[in-house]
Amino acid sequence: MNDKKLVVLTGPTAVGKTALSIKLAQAIGGEIISADSMQVYRGMDIGSAKIRPEEMQGIPHYLIDILDPADSFDIVQFQTMALDAMEKIRSHGHIPILVGGTGFYIQSVVYDIDFTQNDGSCEYRSMLEADPDPDKLHRMLEEVDPESARMIHPNNIKRTIRALEFYHQTGRRISEHNEQERRKDSPYNFAYFVLNDDRAKVYARIDQRVDEMMEAGLEAEVRRLKDLGLTEDMVSMQGIGYSQMLPYLDGRYSLEEAVRLIKRDSRHFAKRQITWFKREKEVIWLDRGSFDNDDAKILEAMLTHLKEKGIL
């Protein structure tokens, strides 16, 4: 039996992963690694729906509040940091639990994706970065790799450039490379849980969460970041919530429009997340409706699966 144990808990945004992850960690002796591209940044708490210290209930969390918002962060950095965190967790005699909604980040760890084939061409990358028009770059990607273009939001300039760079360097589509990596056997004895719910309920929770973020001070949080000199072209500012609030603060549209766009883009993101998870293999779907929306019942089902897999 593979003793390199790993548990994944993911699902669309606002489905309730955070609270369930704490219960799971308490039940199995786990420590949590955040699989989120925004929660790594200090001072970006409201827009990223970052777990608060009091919500952690003493469970160690990794890859939260480790970078300044002006710092860059990408999949290779995440993979390296996550693997280091997993080693620390195992040294404590505990089980790593990867929690978050960034599917590519999760895949990079579960299937140990090799990124060395995409070391990159600095000259080509610099050319793309010199004209960082998201619509133009996304159209370029649609021409060479429609599948990647479908999965990558146009505002995610960094991922768009990485996909274009991979194609330029190798002549292959990065979507094909990722699919090949996805078919690899995992080096871990893992359980990959996807928490989900009826789409209308997920969308309703998204709208409610955005309203709560505004009440909690999202506008003030983004204004403070803007005053620190952060701009739209920075990786941290391309996250949902931040990328819509900055244009509002620049006077390009109203606050009402900014909130509408945050809700719309969050719903689109949730839809892309579900599409991604449906393509993953060995996924265990946990539909809230099947468990009467009761976290205790969901947790019981998860523990049963973990025992069957020999993780517990």
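Descriptive notes on the structure:
Conditions tested, residue by residue: (1) in a helix (DSSP H, G or I); (2) free of Cβ contacts under 8 Å to residues at least 12 places away in the same chain.
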site	(1), (2)
M237	yes, no
E256	yes, yes
L261	yes, no
R264	yes, yes
W276	yes, no
L303	yes, no
L312	no, no
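- Considering segment 132-211, the qualifying helices (runs of 4 or more DSSP H), each wholly inside and each with 3 or more residues that are open to solvent by 50 Å² or more (accessible area, probe 1.4 Å), more than 30 Å from K5 (Cα to Cα) and among the charged types (D, E, K, R), run over 134-144.
- Complete set of residues in segment 212-235 that are acidic (D, E), more than 23 Å from R267 (Cβ to Cβ) and not in a loop (DSSP other than H, G, I, E, B): D227
- Among the residues making up segment 57-82, those that are on the phi < 0 side of the Ramachandran plot, in a loop (DSSP other than H, G, I, E, B) and either open to solvent by less than 30 Å² (accessible area, probe 1.4 Å) or not polar (S, T, N, Q) (or both) are I59, P60, I64, I66, D68, P69, A70, D71, F73, D74.
- Annotation: of all residues in segment 212-239 being more than 16 Å from L67 (Cβ to Cβ) and modelled with pLDDT under 95, the one that is most open to solvent (accessible area, probe 1.4 Å) is D233.
- Of all residues making up segment 26-56, the number that are in contact with a Gly (Cβ under 8 Å, 6 or more places away or on another chain), within 20 Å of E212 (Cα to Cα) and either hydrophobic (A, V, I, L, M, F, W, C) or open to solvent by less than 20 Å² (accessible area, probe 1.4 Å) (or both): 5
- Selected residue (criterion: farthest from L303 (Cα to Cα)) from residues of segment 1-25 that are among the hydrophobic types (A, V, I, L, M, F, W, C) and open to solvent by 30 Å² or more (accessible area, probe 1.4 Å): M1
- Only one of the numbered conditions (1) within 25 Å of L6 (Cα to Cα); (2) in contact with a Leu (Cβ under 9 Å, 6 or more places away or on another chain); (3) in a helix (DSSP H, G or I) is violated by W285, and that is (3).
- Unique residue being open to solvent by 70 Å² or more (accessible area, probe 1.4 Å), modelled with pLDDT of 95 or more and closer than 29 Å to V109 by Cβ when the list is K297, K278: K297
- For K309, the requirement of being open to solvent by 50 Å² or more (accessible area, probe 1.4 Å) and either farther than 24 Å from G16 by Cβ or under 21 Å from the mean Cα position of the chain (by Cα) (or both) is not met.
- Residue match in segment 126-137 (condition: over 22 Å from S48 (Cβ atoms), in contact with a His (Cβ under 7 Å, 6 or more places away or on another chain), free of Cβ contacts under 8 Å to residues at least 60 places away in the same chain and not aliphatic (A, V, I, L, M)): no
- Enumeration of residues in segment 245-260 that are closer than 19 Å to G229 by Cβ and either surrounded by 14 or more Cβ atoms within 10 Å (Cβ to Cβ) or of a type in the set (S, T, N, Q) (or both): M245, L246, P247, Y248, L249
The values are calculated or read from the model by the stated rules, or taken from the named source; none is laboratory data. Here the structure is a predicted model, which is why all the values come from computation and not from measurement. Every residue, glycine among them, receives a Cβ derived from its backbone with ideal geometry; neighbour counts consider all protein chains shown. All accessible areas refer to the heavy atoms of the entire protein, side chains included, with ligands and DNA or RNA removed. Shrake-Rupley method; radii C 1.70, N 1.55, O 1.52, S 1.80 Å.
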